[in-house]
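Working notes, structure below.
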Amino acid sequence: STSAMPLNPHPAGHPHRKRSPEPRESTSAMPLTLMELPYPAEALEPHLSAENVTVHHQGHHAAYVTKVNAAVAGTDMAEMSAAEIMMQAEGGLFNSAAQVFNHDFYWQSMSPTGGGEPAGPIADAITASFGSFDAFKTQFSAAAGGHFGSGWAWLVADDAGALSIVSTHDASNPVKEGLGKPILTCDVWEHAFYLTHKNKKADYIQAYFSLVNWEFANANLTA
Amino acid sequence: PRVGAAAASRGMASFTLPDLAYDYGALEPIISAEIMELHHSKHHRTYVTNMNSLHEQIEEAAAKGDASKLISLQPAYKFNAGGHLNHSIFFGGLCPPSEYEPPSGELAALIEAQFGSLEALQDKVTAATVPVQGSGWGWLGYDKAAGKLAIATCANQDPLEATTGLVPLFGIDVWEHAYYLQYKNVRPDYVKAIWQVANWKDVAARLEAAKSA
């Protein structure tokens, strides 16, 4: 897509706002706060262990929030969301802000009641863009499993609602790279899965499909 | 990297996973046995397996003069062969803590002259290595042209010499698989601790080889 991506600091459109009032993103300004997990840390077992989720959230995700706040304190970026900062920043500050955004998106991309076959608009879009759900799973697994080093696998949509799969390296994401609107993401940094699956990344990706939050995907697609 | 004799006789390269010079548990408590076993028998072995497969594909494409295919294989080759090179150096650069000996001779003199002390060198390498973004490596290398030690970092499995021209002397793997099961997200603790299992004899041998190359 060559059209400019309008910046939407709340790409999910707060999909759960109707059901629960708590913020779903670490985007409140001055300073950023770490988003709460949308579920208890043990709720993703056995696909992701409680320890894995806790260290990921309270260790890695929290550290990115802390780093952003420290870096922007006293500057005009102190009023901005992580998504806004990541679009303007480069280097270390970009890494931290983008990782806040990415992790916010990741926790919402999974659910203890997720998995299974998609339903709703996302199901139709997957069939239209990939031919079948199985074809989508194969392609997404290849993107996630085949990435060299740290990064993320994303399902993205263009302006017309056509879906594609992209992988980004380290902290980067499709919003920064202008690759489309994020629909779902899977974190393929080793810390995302190592405490549960050790070196068996393929097992993790399979486990991800038992957790994928189609409600979140639908909300993003129709936002 | 060692070339398997049988494969070499067919005119094809075949790389093998080098054995460790120590048991998986020998680096405890600095690096756990669980990590060492996974790191060597799973991660490093996978790089070797993939590298061999890619070698076959590369040789086939080269024989046909298929430039486009050769180019398409390069990223995977860089990643997997780089992984094999890096890990071979890494594992050889470690020794059980009971066998630890600080640098001596020419290596010690070079360290002293350039950094003032071993601690100062270690602090500098640590400071460069800890903040590596994502997956990568910290390196103590040798600049042949300048005749000096140098500190560098590389991303992913990019190998030091091909990327920077520096000869690798000692590498610190900061891919999360290298430390996560034991140190979790506290990478600085791992990097600071690894100096206790640094095999300075191996570093000295690499320096010697670099100087006479």
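Brief remarks follow.
- Taking the chain by itself as reference, the range A:141-186 contains these residues with an accessible-area loss of 50 Å² or more in the full protein complex (1.4 Å probe, heavy atoms): A:148.
- Residues of the range B:157-179 buried by at least 10 Å² of accessible area upon assembly of all protein chains, compared with the chain on its own (1.4 Å probe): B:175, B:176, B:177.
- Using a probe of 1.4 angstrom and keeping all protein chains present, the accessible surface of the range A:36-103 works out to 40 square angstrom per residue.
- Percent accessible area from carbon and sulfur atoms, the range B:36-132, protein chains only, probe 1.4 Å: 54 percent
- Members of A:201/B:42; A:67/A:201; A:137/A:201 lying beyond 18 Å, as alpha-carbon distances in this model show: A:67/A:201
- Percent accessible area from carbon and sulfur atoms, the range A:127-208, protein chains only, probe 1.4 Å: 51 percent
- The string of couplings for the range B:178-192 from the Karplus curve (6.51, -1.76, 1.60, θ = phi - 60°) is 6, 8, 5, 4, 9, 9, 6, 7, 8, 4, x, 4, 5, 5, 5 Hz, one whole number per residue in order, with x for Gly and Pro.
- Remark: the range A:128-136, residue by residue, has Karplus-estimated 3J(HN,Hα) of 5, 8, 10, x, 7, 5, 4, 5, 4 Hz, where x stands for each Gly or Pro and the curve is 6.51 cos²θ - 1.76 cosθ + 1.60 at θ = phi - 60°.
- With both labels modelled 7 Å from their Cα along Cα-to-Cβ, the residue B:77 to residue A:223 distance reads 4.3 nm.
- Long-range HN-HN contacts of residue A:183 with modeled amide H, under 5 Å: A:155, A:156, A:157
- Compared with its chain on its own, the range B:67-88 contains the following residues whose accessible area drops by 20 Å² or more in the full protein assembly (probe 1.4 Å; ligands, DNA and RNA excluded): B:79.
- Solvent-accessible area buried by pairing B with A, both sides, nearest 100 square angstrom, 1.4 angstrom probe: 1800 Å²
- Proximal lysine pairs, the range B:72-207, alpha carbons under 27 Å, eight or more residues apart or interchain: 12
- Label point at residue B:59 placed 7 Å out along Cα→Cβ; residues across the range B:70-84 whose backbone nitrogen lies under 17 Å: B:70, B:77, B:81
- A cut-off of 5 Å between modelled amide H atoms, ignoring neighbours fewer than 5 places along the same chain, links residue B:150 with B:141, B:142, B:143.
- Point-to-point label distance, residue A:200-residue A:177, nm (Cα→Cβ direction, 7 Å offset): 2.9 nm
- Shape index of the protein assembly as shown: Rg/Rh, with Rg the Cα radius of gyration and Rh the Kirkwood radius from the inverse mean 1/r over Cα pairs, equals 1.00.
- In range of the label at residue A:45: residues from the range A:158-201 whose backbone nitrogen is under 19 Å from the point 7 Å along Cα→Cβ: A:192-198
- Scanning residues 5 or more positions from residue B:94 or on other chains, those with amide H under 5 Å from its amide H are B:199, with H placed 1.01 Å from N in the peptide plane.
- Projected label points at residue B:205 and residue A:79, each 7 Å from Cα along the beta carbon direction, are separated by 6.3 nanometres.
- Sequence-ordered 3J(HN,Hα) estimates for the range A:192-205 from the Karplus curve with 6.51, -1.76 and 1.60 and θ = phi - 60° stand at 5, 9, 5, 5, 9, 10, 6, 7, 8, 4, 4, 5, 4, 5 Hz, glycine and proline given as x.
- Counting Cβ atoms of other protein chains within 10 Å of each Cβ in B:126-138 and taking the mean gives 2.
The values are calculated or read from the model by the stated rules, or taken from the named source; none is laboratory data. It should be emphasised that the depicted structure is a prediction, and the values quoted were computed from it without experimental measurement. Positions of Cβ are backbone-derived with ideal geometry, glycine not excepted, and every protein chain shown enters the neighbour counts. Keep in mind that these areas ignore ligands, DNA and RNA; they rest on the heavy atoms of the full protein, side chains included. Shrake-Rupley method; radii C 1.70, N 1.55, O 1.52, S 1.80 Å.
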